[in-house]
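Quick notes on the structure that follows.
The values are calculated or read from the model by the stated rules, or taken from the named source; none is laboratory data. Remember, it's a predicted structure, so these values are computed and weren't measured experimentally. Ideal geometry is used to build each Cβ from the backbone, glycine not excepted, and the neighbour counts take in all protein chains shown. Heavy atoms of the whole protein, side chains included, go into the accessibility calculation; ligands, DNA and RNA do not. Shrake-Rupley method; radii C 1.70, N 1.55, O 1.52, S 1.80 Å.
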Amino acid sequence: MSRPQQITVLGATGSIGLSTLDVIARHPERYQVFALSGFTRLSELLALCVRHVPRFAVVPEASAARTLQDDLRAAGLSTRVLVGEEGLCQIAADPEVDAVMAAIVGAAGLRPTLAAVEAGKKILLANKEALVMSGALFMQAVRKSGSVLLPIDSEHNAIFQCMPQDFARGLGKVGVRRILLTASGGPFRQTPMAELAHVSPEQACAHPNWSMGRKISVDSASMMNKGLELIEACWLFDAKPSQVEVVIHPQSVIHSLVDYIDGSVLAQLGNPDMRTPIANALAWPERIDSGVAPLDLFAIARLDFQAPDEERFPCLRLARLAAEAGNSAPAMLNAANEVAVAAFLDGRVRYPEIASIIEEVLNLEPVVAVEDLEAVFTADAKARVLAEQWLSRHGR
Ligand code: NAD
Ligand code: MG
C-alpha cells in the first residue's frame, strides 16, 4: 500500500481546521498530519499535536514557541515548533507535503497559501480572502505550478461538483449559462431594518444553520460573505460577475447550482456540515466517509428561495461593484471589511456601520492595477488606514 498523504493544516485550531482533523482521523490509512498551525488558542494546539503527532507546529511568536516546544517535549513528542509567517510558508511548501488545507482566516492566510501554490501542492482552499485579494496573481501561480486547486467553501465545492470536468475550457464552451450561488440570508434575514442598528456581535454570530468562526459569521450576517464568494466564484470558474446570481435559500440544503444552456440545472445537496466539502476535496476524485449524517429529505420537507434585498444587505452590492471594478478593488473591499468586522466584534461600531465604512473606503481610494503581490498588500494597507480613519473620525 502507498504511504498516507502528508497534510498540512494552516489554521488547525479554527472551525475548518478542526473539521479537517476530524475527517483525517477517520482515515489514518490515507492521511497523516504533517504540520499544524495555531494563532491564539495555543493550549488547544498542544492538544491537537498530542492527538495527531505532526512533524511541525507553527505559532505566531517566539515566546509562545518556547512554551509549546517545552510542553511538547514534556508530552514525549518530537514535533518541532516554528514561528510566524516564515514558519507557515515553510510548512506549506515542505517537499514532503502532499496537500495543504488553507484555513487561516483573512488576509493573514495569503502568503502561506501562495507558498503552497508555488510549491505545486494540492490546495484545499477555505481561505477565500486570499483569492479575493489576489485573484489574478493567485490563478496565474496555480497555472504556473500545476497545483490542483480544490474549493472548500461549501458553495464552491458544490459548484465544482456540478461542473463538467473540463470547465476550465470556459463556461461558454461547456454549455454553462450561469452559476446560482445560494445563501442562507443569515440571522438578520427577517429582522426589522430599524433594529439592525442595535444587534449585538453575539446575535450576528448566531448563524441559523452553520457553526463557524466569528469573522465569517459576521460576514454571513451582512452577506459580505456572499459578496466575497461571488468574487471567489469568478476566479475559480472563470466567470463574469454577471454570470453569478445570488439566491437566498434559508434551509442551506442546496449548497449551490449550475444552470446549463439546455435548461438543466444541477445542484449539490447535503446537511450543512463542512466535513462534506472537506472530505470531497481531500479524496477527490474519489469519495470517502466524512462522518456527516445522510440527508433526510422528509424531515426537511420544503426548500424555499428568494431574491436578495440589497437595501437590507448593502455589503452584497458593494462586493458586486468591487467584483466588476476588479484590479485593486476586491483587496480594498476585503481589507476594509476585516477592519470593520473586527471593530464590530469589539463593540466599537454598530452593525450597519460595517457597510458605511467599506463604502467610504471604496469611494475614497481609486482603483489601480495590481501586477504583483506588493501592489495587493499596498491596496490592503491603504484600505486599512482609511477604515481606521473612519473609526477615529467617529470617536471609536
Ligand atoms: P476560525 O476563526 O474558526 O479559525 C481561523 C484560524 O486561523 C484559527 O486556526 C486561527 O488560529 C488562525 N488565525 C487567525 N488569525 C491568524 C493570523 N493573523 N495568522 C495566522 N493564523 C491566524 O475561522 P474559520 O471559520 O475556520 O474560517 C477559516 C477560513 O475558512 C476563513 O477564510 C473562512 O472564510 C473560510 N470558511 C469557513 C467556513 C466555516 O464553516 N467555518 C466555511 C467556508 C469558508
Ligand atoms: Mg460558503
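The figures follow:
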read-out	value
Qualifying helices (runs of 4 or more DSSP H) (wholly inside segment 51-122; at least 1 residues being more than 18 Å from the chain's Cα centre (by Cα) and buried (at least 19 other Cβ atoms within 10 Å of the Cβ))	62-74, 84-93
Members of segment 343-360 found to be without any contact (Cβ under 8 Å) to a residue 40 or more places away in the chain and aliphatic (A, V, I, L, M), listed by number	Ile357
From Ala204, Ala197, residue being surrounded by fewer than 21 Cβ atoms within 10 Å (Cβ to Cβ) and either in contact (Cβ under 8 Å) with a residue 60 or more places away in the chain or away from ligand 1 (no atom under 13 Å from the Cβ) (or both)	Ala197
Residues satisfying the stated conditions in segment 37-50, i.e. of a type in the set (S, T, N, Q) and open to solvent by 40 Å² or more (accessible area, probe 1.4 Å)	Thr40, Ser43
Failed criterion for Val100 (all others in (1) in contact (Cβ under 8 Å) with a residue 60 or more places away in the chain; (2) under 28 Å from Val376 (Cβ atoms); (3) out of contact with any helix residue (DSSP H, G or I) (no Cβ under 8 Å at 6 or more places or on another chain) hold)	(3)
Given (1) within 19 Å of Pro285 (Cα to Cα); (2) of a type in the set (Ser, Thr, Tyr); (3) within 14 Å of ligand 1 (Cβ to nearest atom), number of the condition Ser147 does not satisfy	(3)
Breaking point among (1) touching an Asp or Glu at 6+ places or on another chain (Cβ under 9 Å); (2) away from ligand 1 (no atom under 16 Å from the Cβ); (3) assigned to a helix (DSSP H, G or I), for Pro250	(3)
Checklist (1) open to solvent by less than 10 Å² (accessible area, probe 1.4 Å); (2) within 15 Å of ligand 2 (Cβ to nearest atom); (3) in contact (Cβ under 8 Å) with a residue 24 or more places away in the chain; (4) not aromatic (Phe, Trp, Tyr) applied to Leu171, failing item	(2)
Neighbours by Cβ (under 7 Å, 6+ apart or cross-chain): first from segment 246-259, among the acidic types (Asp, Glu); second open to solvent by 10 Å² or more (accessible area, probe 1.4 Å)	Asp259/Arg177; Asp259/Arg178; Asp259/Leu180; Asp259/Val265
Some residue of segment 130-141 being away from ligand 2 (no atom under 16 Å from the Cβ), within 20 Å of the chain's Cα centre (by Cα) and free of Cβ contacts under 8 Å to residues at least 40 places away in the same chain	yes
Close pairs (7 angstrom Cβ cut-off, 6 or more residues apart or separate chains): of a type in the set (D, E, K, R) in segment 1-22, part of a helix (DSSP H, G or I) and modelled with pLDDT of 95 or more anywhere	Asp22/Arg275
Selection count where residues are more than 16 Å from ligand 1 (Cβ to nearest atom) and in a loop (DSSP other than H, G, I, E, B), scope segment 169-184	6
Tally of residues being more than 17 Å from Ala102 (Cα to Cα) and touching a helix residue (DSSP H, G or I) at 6+ places or on another chain (Cβ under 7 Å) across segment 23-47	2
Hits in segment 216-249 - residues which are open to solvent by 10 Å² or more (accessible area, probe 1.4 Å) and away from ligand 2 (no atom under 13 Å from the Cβ)	Cys234, Trp235, Asp238, Ala239, Lys240, Pro241, Ser242, Gln243, Glu245, Val247
Scan of segment 317-328 for residues that are under 24 Å from Gly185 (Cα atoms) and surrounded by 22 or more Cβ atoms within 10 Å (Cβ to Cβ), ordered by number	Leu318, Ala319, Ala322, Ala323
Residue check for Glu374: surrounded by fewer than 18 Cβ atoms within 10 Å (Cβ to Cβ), in contact (Cβ under 8 Å) with a residue 40 or more places away in the chain and part of a helix (DSSP H, G or I)	no
